[in-house]
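See structure below.
The values are calculated or read from the model by the stated rules, or taken from the named source; none is laboratory data. For clarity, every value in this text was computed on a predicted model and none was experimentally measured. Calculation scope for accessible area: heavy atoms of the full protein, side chains included, ligands and nucleic acids excluded. Shrake-Rupley method; radii C 1.70, N 1.55, O 1.52, S 1.80 Å.
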Amino acid sequence: MLTVNTIKPGTVFAWFMLMMIIRRIVLLLVAGFSGWNRPFQPDTRVPEDKILKRDQIEPSNSTINPVVFTKDIRVNKTIGNDSENDTYFIILLFATAVFSDTVSGDGTRTIIYGVIYLFFRIIYAITYILALQPWRTIAYIFGLACTLACSLDLVITLSRRTY
């Protein structure tokens, strides 16, 4: 029987991280659907994002310092985005190395998740800097899916583990 005394900290951590990833996905979906038919505010999104809104970008009334999305600005935005997304994944990857790989006896899962995530985050950064839409979104989705898969793997492994 499952009681508070039989639940181990690793399992609680795994479930908590899974809920954090699910919360992030839900927030992304809510934000996407809530702004579905609304235009972007001027000078807030990169120019290629107008594809997502079918040219529904409000014209800017201000001619003072319009935001120009140069490669420098794109690189800085990519660094900010990476710091937001990588935090979740690094914590999950560390937990996978500590908990899941000790069960299997090798580091295969950690290596596979790390390589897949890193590959898609590099592709995302390149496509963002070069303004290649929809490839940017596809790379972001695969990176997020890798984070979700790592989290699910951790939850399943720790839920099946006997203490």
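Here are the numbers:
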{"item": "Single condition Ser60 does not satisfy, out of (1) modelled with pLDDT of 80 or more; (2) outside any helix (DSSP H, G or I); (3) among the polar types (S, T, N, Q); (4) open to solvent by 50 Å² or more (accessible area, probe 1.4 Å)", "result": "(1)"}
{"item": "Filter pass, Thr70 being at pLDDT below 80 and open to solvent by 70 Å² or more (accessible area, probe 1.4 Å)", "result": "no"}
{"item": "Residue match in the range 81-102 (condition: at pLDDT below 75, open to solvent by 60 Å² or more (accessible area, probe 1.4 Å) and not small (Gly, Ala, Ser))", "result": "yes"}
{"item": "Enumeration of residues in the range 117-137 that are open to solvent by 70 Å² or more (accessible area, probe 1.4 Å) and in a helix (DSSP H, G or I)", "result": "Leu118, Phe119, Ile122, Ile126, Trp135"}
{"item": "Candidates Pro9, Pro47 - the one that is modelled with pLDDT of 60 or more and open to solvent by 100 Å² or more (accessible area, probe 1.4 Å)", "result": "Pro9"}
